[in-house]
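So the structure is just underneath, and the comments pick up after that.
Just so it is clear, none of the values below were taken in a lab; they were calculated from the coordinates. From a predicted model like this one, the values you see are computed outputs, not experimental measurements.
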Amino acid sequence: MTERKLLECVVPYSDQLFRKAAIKWLIATDQPIQALEHLRFKEMVDVASRATQGVKIPGHKATHAEIMCMFKSHLTKLRKKLNVHCHSLHYCLL
C-alpha cells in the first residue's frame, strides 16, 4: 500500500474507537480490566498520543534487549547504593 493510500485509510481518533481498541486488547491478551487504570498504561498512551507519524512498536528481540539493559542498569545502581550503605554501616559499627 502506498503512503497516500495508507493515510486515506487512517480513521480519525475518537474516544469510542479507543475504548473499543482497548477492550479488544484486554480480551486478546487476557489482561485484567484494571490494566486500563494502571499508571504505566496511562503513561504509555500519553507518550503515544504525542506521536505525529504513528508509533513504532519494537519487536520481540528489541524489547528483550531493552528489558535486559534496563535490568542491568537497575542492578548497577542498586550495587552502588548498597556498597555506599554497607561502607557507611561498617563505619557506624566501629
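General remarks:
- For K80, a cut-off of 28 angstrom between C-alpha atoms picks up these lysines, skipping any fewer than 8 places away in its own chain: K72.
- Eligible lysines near K24 by straight Cα distance, threshold 30 Å, same-chain separation 8 or greater: K5, K42, K56, K61
- Diffusion coefficient, µm² s⁻¹, Stokes-Einstein with Kirkwood Rh over alpha-carbon pairs of segment 11-52 at 37 °C and 0.692 mPa s: 295 µm²/s
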